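The values are calculated or read from the model by the stated rules, or taken from the named source; none is laboratory data. Because the structure is predicted, anything quoted here is derived from the model rather than measured. No Cβ is skipped: glycine too gets one built from the backbone with ideal geometry, and neighbour counts run over all protein chains shown. The protein model used for the area step is the full one, side chains on, heavy atoms only, and it has no ligands, DNA or RNA in it. Shrake-Rupley method; radii C 1.70, N 1.55, O 1.52, S 1.80 Å.
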Amino acid sequence: MAEKLRAARQAADFASDSEKIDGHAGLSDAVGASVRGGDADVRNARIWLQLDKLRPPKLVEPRKRKKKDRHARTRVAFFRYSYYDIAFKYFVEQVLDADYVALPEPTKRTLEQGTRNSNDFVCAPFKHILGDFIDALEAGADVLVQFAGPCRLGYYGELQESILRDMGYEFEMLNFATLTGKPLNEYIGVCKKKINPDLSVAHGVRCMLAVFKMIENLDEANDFYLAHAGFEVEPGSFDRALAAYHDDMRAAVTERDIADAQRRGLDAMKAVPISKPVDPVRVGIVGEYFTAADAASNLGVERKLLGMGVELHRMLNMTNRNLRYNEKNLRAGISDYVKFDMGPTSSMTIAAAKRYAEEGFDGVVHLKSSGCTPEIDCVPVLQRISRDYSIPMLFLSYDSQTSDTGLDTRLEAFYDMIARRKKVLL
């Protein structure tokens, strides 16, 4: 597939450059003079040499990398995804026995790089992830890990690899999406080949179970944070407690460390003074796998709502979507609205919205990337739920041009509406 993409790009470049040569009479004459009397192969080779001189420079020059020491540890990087970098780090260091390349907070340049080197019509998560990979390679990563998404994101790894190689980067891509449904020994074989040939299978499996437990713990702590941080007495106290908890969990090496960090983190957050009304404004968040869970992708919508004094709930996380997911049970609960599997997160989106409506929530916010087909299909169903249960819903769609200003205006209007409505109903 990558070879076909490169061939198509070369053909397009050749056609474009041929037009440029036609506009340069002097160069055309020079090429013609240089090939007179030569055979076709020589002629074509000389023309290509002239065309190469017209090509624009690459956006990113190839990195000069020293020959890798076969005894050196492999440097592995994931893309940025919410707070799960903590679990990714544990996976790389404990399961794969390699060095984890930690990425700092994304900058404006990160998204710009991803957008500049992507097709306009791919979803925003593709651009975010591509920008993350560029940051990772510039930070010295040897291997990039891609697994993203039960949707089209699962197919994007090969295209992202092709784009990055065309940009001149040298790396290995560990794309778990290509191994979905295959036996465990194939996963192990690929990890040994690309990362660590001395990987201990028994140790890796044991640590992988610890990764799963860590993910469950991280989601449990985040659920508590979303439900209570909007009512803190001292501004910023919950954020400080959550950051300390994440640092503690990031330093965990053993299963005991994970359990201890979880206990300390929850105790610290439970000790934060809050002033919570008996019946607070409650909002449920639903939506697309990447955008709804990743603060950098949704422009921090959760913290914006927490700043307004809202109790938040979000069913969508890695625990519920990856570790404990049961499509059959979810669809049984929404059988009045859906008969078939509509896509990767569609059943969870609809089931969560229905549950929030039944539990008397004051509003639901639906988050998705622009052009996300499964979540677009959810919108008419969510509108039906909104009418059936008389619950307001706000639909937010993100692309690489979405601004904080427009988002703030819509969120503030939505909050004012549901807060006034709650007072009237009481």
### Query
Using alpha-carbon positions, what is the distance between the centroids of the stretch 93-144 and the stretch 244-287, in Å?
27
### Task
Rank these by accessible area, largest first, 1.4 Å probe: F212, F121, F340.
F121, F340, F212
### Message
Please report the projected area of the stretch 151-231's Cα convex hull averaged over all directions, in nm².
### Response
8.4
## Note on the structure
Counting all Cα-Cα pairs in the stretch 245-349, those more than 20 Å apart amount in percent to 60
## Note on the structure
Given Cβ charges of +1 for Lys and Arg and -1 for Asp and Glu, the option among A244, A221, L199 whose Cα lies farthest towards the positive end of the dipole of the stretch 182-246 is L199
### Task
Report the percentage of all Cα-Cα pairs in the stretch 199-279 whose separation exceeds 17 Å, rounded to a whole percent.
49
### Query
How much FRET efficiency would the formula 1/(1 + (r/R0)^6) give for A251 and S370, where r is the Cβ-Cβ distance and R0 is 35 Å, rounded to 0.05?
0.40
### Query
Can you pull the Kirkwood radius for the stretch 89-222, inverse mean 1/r over Cα pairs, to one decimal in Å?
16.1
### Summary
Taking 0.36 nm per residue of separation between V205 and A244 and subtracting their Cα-Cα distance, the length gained on full extension comes to 11.2 nm
### Query
If you keep only loop residues by DSSP, which GluC sites (Glu not before Pro) in the stretch 162-232 have at most 13 other Cβ atoms within 10 Å of their Cβ?
E170
### Message
Apply the Karplus curve 6.51 cos²θ - 1.76 cosθ + 1.60, θ = phi - 60°, to the phi angles in the stretch 298-307 and return the couplings in whole Hz, x for Gly and Pro.
### Response
9, 6, x, 4, 5, 5, 5, 5, 4, x
### Task
Find the accessible area per residue for the stretch 253-409; the probe is 1.4 Å, ligands and nucleic acids are left out, and the unit is Å².
44
### Query
Over the stretch 300-418, what per residue volume does the convex hull of the Cα atoms give, in whole Å³?
112
### Check: the stretch 130-257 dipole with +1 on Lys, Arg Cβ and -1 on Asp, Glu Cβ, in debye
620
### Message
With the alpha-carbon atoms as the only input, what is the per residue convex hull volume for the stretch 301-356 in Å³?
### Response
92
